[in-house]
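Asker: This structure is in structure tokens; I'll ask about it shortly.
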Amino acid sequence: MNSLRTRVSALDERRRHRVLARAILRLLPEPESWLDVGTGDAFFPEAAKRFFPYTSFDGVDPTPRVVRARALERVEEAYAADLTAPHITTALRARYDVVTLLRDRSPAPDPEAELQAALTVLRPGGLLLVESGPDDLRTKLESHSCTIVTEPRRLPARFPTTPRLIARRNMP
């Protein structure tokens, strides 16, 4: 029974990843570069490549799993560190068209610093996809000169969903 539950869970996760990728596809059909924060084994970039075959996917994760993901060619560049590390944000400043902060990663020690770092590596006009952010995320993003592109969907309580927000970083 556990193996069936595990397989169903894996299928649900892949389906969720495809839905998230399609949400970006509608807004930015051909991003040049994409950073998945807390990527782990890079299952999200692997699923998103189906919709974005010409996009360069990179991953940042504090664990060595990201290095293995690079070896498996799920990401092109792997950074085994926290996104908030100064050497990472300096090296990656304004490099990405899309940055994702998904819920299936370990929680950040300092979510505010991580959000600021994500905006630092995002190009002006780029998209930030955040899942399960704090309630005041909209206000924080707007204070960092971002425009909310999509709102979280309101579904009946019987459908468990994770709030998803997509924001565009405004041009300076």
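The values are calculated or read from the model by the stated rules, or taken from the named source; none is laboratory data. On a predicted model such as this, the values are computed, not experimentally measured, just so you know. Positions of Cβ are backbone-derived with ideal geometry, glycine not excepted, and every protein chain shown enters the neighbour counts.
Asker: Any idea which residue in the stretch 23-37 is surrounded by the most Cβ atoms within 10 Å (Cβ to Cβ), counting only those that are over 14 Å from the mean Cα position of the chain (by Cα) and not basic (Lys, Arg)?
Answerer: If we take residues in the stretch 23-37 being over 14 Å from the mean Cα position of the chain (by Cα) and not basic (Lys, Arg), then Leu28 is surrounded by the most Cβ atoms within 10 Å (Cβ to Cβ).
Asker: Might you check whether a residue that is without any contact (Cβ under 8 Å) to a residue 12 or more places away in the chain and either farther than 18 Å from Leu115 by Cβ or touching a Phe, Trp or Tyr at 6+ places or on another chain (Cβ under 9 Å) (or both) occurs anywhere in the stretch 28-46?
Answerer: Checking the stretch 28-46: at least one residue is without any contact (Cβ under 8 Å) to a residue 12 or more places away in the chain and either farther than 18 Å from Leu115 by Cβ or touching a Phe, Trp or Tyr at 6+ places or on another chain (Cβ under 9 Å) (or both).
Asker: Of everything in the stretch 135-149 that's touching a helix residue (DSSP H, G or I) at 6+ places or on another chain (Cβ under 9 Å) and part of a helix (DSSP H, G or I), which residue is modelled with the lowest pLDDT?
Answerer: Leu137
Asker: Sticking with this one: Does the stretch 53-63 include one or more residues that are within 22 Å of Pro109 (Cβ to Cβ), more than 11 Å from the chain's Cα centre (by Cα) and surrounded by fewer than 17 Cβ atoms within 10 Å (Cβ to Cβ)?
Answerer: yes
Asker: Filtering the stretch 92-107 down to residues that are at pLDDT below 95 and part of a loop (DSSP other than H, G, I, E, B), which residue is surrounded by the most Cβ atoms within 10 Å (Cβ to Cβ)?
Answerer: In this case the residue turns out to be Leu102.
Asker: Yes or no: the stretch 38-57 includes at least one residue that is farther than 22 Å from Asn170 by Cβ, hydroxyl-bearing (Ser, Thr, Tyr) and either part of a helix (DSSP H, G or I) or at pLDDT below 95 (or both).
Answerer: Among the residues of the stretch 38-57, at least one is farther than 22 Å from Asn170 by Cβ, hydroxyl-bearing (Ser, Thr, Tyr) and either part of a helix (DSSP H, G or I) or at pLDDT below 95 (or both), which makes the answer yes.
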